[in-house]
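Q: Dropping the structure in here first, questions after.
The values are calculated or read from the model by the stated rules, or taken from the named source; none is laboratory data. Since we're looking at a predicted model, the values are computed, not measured. In this analysis, Cβ positions are derived from the backbone assuming ideal geometry, glycine residues included, and neighbour counts consider all displayed protein chains. The area values use the complete protein model at the heavy-atom level, side chains included, leaving out ligands, DNA and RNA. Shrake-Rupley method; radii C 1.70, N 1.55, O 1.52, S 1.80 Å.
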Amino acid sequence: MAMSAADIEALIKSALPDANVTVEDLAGDGDHYAATVVSEAFRGLSRVKQHQLVYAALQGRMGGALHALALQTSAPE
């Protein structure tokens, strides 16, 4: 049930088309990832709201196909 980094990136970019997304497999197991997402959609939002947008983009896969995702989000500088 593991997800690939490309799948995660595609889901995020589908919801946030302007996003610059970098995904790294932390353990090589397809279950533990770190992602950096930079999107204009995050401007003015709290970190919690930014993360909620990313989790929504993953369409319920967190806790299932995707076990852990360490997120860093920001608006472009």
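Q: If you scan segment 34-64, which residues turn out to be surrounded by 12 or more Cβ atoms within 10 Å (Cβ to Cβ), without any contact (Cβ under 8 Å) to a residue 40 or more places away in the chain and among the β-branched types (Val, Ile, Thr)?
A: Residues satisfying the conditions are THR36, VAL37, VAL38.
Q: Does GLU24 satisfy being outside any helix (DSSP H, G or I), modelled with pLDDT of 95 or more and in contact with a strand residue (DSSP E or B) (Cβ under 8 Å, 6 or more places away or on another chain)? Give the steps one after another, and end with the answer.
A: Working: outside any helix (DSSP H, G or I): yes; modelled with pLDDT of 95 or more: yes; in contact with a strand residue (DSSP E or B) (Cβ under 8 Å, 6 or more places away or on another chain): yes.
Spelling it out, GLU24 is indeed outside any helix (DSSP H, G or I), modelled with pLDDT of 95 or more and in contact with a strand residue (DSSP E or B) (Cβ under 8 Å, 6 or more places away or on another chain).
Q: Additional query: Which of (1) part of a helix (DSSP H, G or I); (2) touching a residue at least 12 places away in the same chain (Cβ under 8 Å); (3) not β-branched (Val, Ile, Thr) is the odd one out, the single condition LEU69 does not satisfy?
A: Only one criterion in (1) part of a helix (DSSP H, G or I); (2) touching a residue at least 12 places away in the same chain (Cβ under 8 Å); (3) not β-branched (Val, Ile, Thr) is unmet by LEU69, namely (1).
Q: Based on this model, can you work out whether ALA56 counts as modelled with pLDDT under 95 and out of contact with any strand residue (DSSP E or B) (no Cβ under 7 Å at 6 or more places or on another chain)? I'd like the intermediate steps shown before the answer.
A: Working: modelled with pLDDT under 95: no; out of contact with any strand residue (DSSP E or B) (no Cβ under 7 Å at 6 or more places or on another chain): yes.
No, not satisfied.
Q: Quick one: how many residues across segment 1-10 are of a type in the set (A, V, I, L, M), surrounded by 12 or more Cβ atoms within 10 Å (Cβ to Cβ) and either within 18 Å of GLY60 (Cβ to Cβ) or in contact with a helix residue (DSSP H, G or I) (Cβ under 7 Å, 6 or more places away or on another chain) (or both)?
A: Going through segment 1-10 one residue at a time, the tally reaches 4.
Q: Something else: Can you find a residue in segment 11-33 that is in contact (Cβ under 8 Å) with a residue 12 or more places away in the chain, open to solvent by 60 Å² or more (accessible area, probe 1.4 Å) and β-branched (Val, Ile, Thr)?
A: The answer is yes; a qualifying residue exists.
Q: Checking PRO17 against (1) more than 26 Å from GLU77 (Cβ to Cβ); (2) in a loop (DSSP other than H, G, I, E, B); (3) not hydrophobic (A, V, I, L, M, F, W, C), which single condition isn't satisfied?
A: (1)
Q: What single numbered condition from (1) in a loop (DSSP other than H, G, I, E, B); (2) open to solvent by 70 Å² or more (accessible area, probe 1.4 Å) fails to hold for PRO76?
A: (2)
Q: Please go through segment 36-66 and pick out each residue that is closer than 12 Å to ASN20 by Cα and in a loop (DSSP other than H, G, I, E, B).
A: SER39 - this is the single residue of segment 36-66 that is closer than 12 Å to ASN20 by Cα and in a loop (DSSP other than H, G, I, E, B).
Q: Name every residue in segment 38-77 that is more than 11 Å from LEU11 (Cβ to Cβ) and aromatic (Phe, Trp, Tyr), in order of residue number.
A: PHE42, the sole residue that qualifies.
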